[in-house]
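**Student:** I'd like to ask you about the structure that follows.
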Amino acid sequence: MDKSPQALIPLIVQAIYDKKGINTMVIDVRNVSTITDYIIIAEGNVDRHVVAMAKSIDDAVLKALKEHPAYSEGLENGDWVVLDYIEVMVHLFIPSFREKYQLEMLYSQGKIMDVAVQESSFSAQVRAE
């Protein structure tokens, strides 16, 4: 069972896509940050949508890799949810919070990755740009 970021990232991005998450971005921050290797940022329409995406990610990763996040925060109110899988950190926002905190700018020196999703399947492939 491959628990590497290359296995984890496609599962997370696909779960976001399947739950109709928008504006998903995957950033390789290995040369920028010591906190994590990859950051995934996405947004949902409202707080309930953000929480539903977080639960969908947790379910998908648990089913495929038998892993829960090492840490999670924000599930109570849903305006900003963080799921920490150590090497991959997921930030899910409502639009106004994403605009306010602009994490993309904080990690602007990171490398944006292209992640392919499948329309009806639960698998995706990662391709570095």
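The values are calculated or read from the model by the stated rules, or taken from the named source; none is laboratory data. Fair warning: this is a prediction, and the values are worked out from it, not measured in the lab. Quick reminder, even Gly has a Cβ in these numbers, built from the backbone with ideal geometry, and neighbours come from all protein chains shown.
**Student:** Have a look at Leu75, Leu65, Leu106 and point out the one that is out of contact with any Asp or Glu (no Cβ under 6 Å at 6 or more places or on another chain), closer than 22 Å to Asp18 by Cα and at pLDDT below 95.
**Tutor:** Every option except Leu65 fails the conditions.
**Student:** Let me ask something additional. From the residues in the range 21-32 that are in a loop (DSSP other than H, G, I, E, B), of a type outside the set (D, E, K, R) and out of contact with any helix residue (DSSP H, G or I) (no Cβ under 8 Å at 6 or more places or on another chain), which one is modelled with the highest pLDDT?
**Tutor:** Val29
Quick grid of which residues meet (1) in a helix (DSSP H, G or I); (2) within 15 Å of the chain's Cα centre (by Cα); (3) on the phi > 0 side of the Ramachandran plot:
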| residue | (1), (2), (3) |
| --- | --- |
| Thr34 | no, no, no |
| Ala42 | no, yes, no |
| Asn45 | no, no, no |
| Arg48 | yes, no, no |
| Ala52 | yes, yes, no |
| Gln109 | no, no, no |
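**Student:** Yes or no: the range 43-59 includes at least one residue that is buried (at least 19 other Cβ atoms within 10 Å of the Cβ) and closer than 17 Å to Ser4 by Cα.
**Tutor:** Taking every residue of the range 43-59 in turn, at least one turns out to be buried (at least 19 other Cβ atoms within 10 Å of the Cβ) and closer than 17 Å to Ser4 by Cα.
**Student:** Can you say whether Glu76 is among the acidic types (Asp, Glu), surrounded by fewer than 19 Cβ atoms within 10 Å (Cβ to Cβ) and assigned to a helix (DSSP H, G or I), as far as the supplied structure shows?
**Tutor:** no
**Student:** Residues of the range 84-105 being surrounded by fewer than 20 Cβ atoms within 10 Å (Cβ to Cβ), touching a residue at least 60 places away in the same chain (Cβ under 8 Å) and among the charged types (D, E, K, R), which ones?
**Tutor:** If the condition is that a residue be surrounded by fewer than 20 Cβ atoms within 10 Å (Cβ to Cβ), touching a residue at least 60 places away in the same chain (Cβ under 8 Å) and among the charged types (D, E, K, R), then Glu87, Glu104 are the ones that fit.
**Student:** Does Ile27 count as buried (at least 20 other Cβ atoms within 10 Å of the Cβ), within 18 Å of Gln6 (Cβ to Cβ) and without any contact (Cβ under 8 Å) to a residue 60 or more places away in the chain?
**Tutor:** No: the conditions fail for Ile27.
**Student:** Please give the number of the condition Ala54 fails out of (1) modelled with pLDDT under 95; (2) of a type in the set (Gly, Ala, Ser); (3) touching a Leu at 6+ places or on another chain (Cβ under 8 Å).
**Tutor:** Result: Ala54 passes all but (1).
**Student:** Against the definition (touching a residue at least 24 places away in the same chain (Cβ under 8 Å), farther than 24 Å from Glu119 by Cβ and not in a helix (DSSP H, G or I)), how does Val81 come out, yes or no? Quick ask: steps written out before the conclusion?
**Tutor:** Details: touching a residue at least 24 places away in the same chain (Cβ under 8 Å): yes; farther than 24 Å from Glu119 by Cβ: yes; not in a helix (DSSP H, G or I): yes.
Considered against the rule, which asks whether it is touching a residue at least 24 places away in the same chain (Cβ under 8 Å), farther than 24 Å from Glu119 by Cβ and not in a helix (DSSP H, G or I), Val81 comes out as yes.
**Student:** Please indicate, with yes or no, whether at least one residue in the range 82-95 is at pLDDT 95 or above and acidic (Asp, Glu).
**Tutor:** Yes, the range 82-95 has at least one match.
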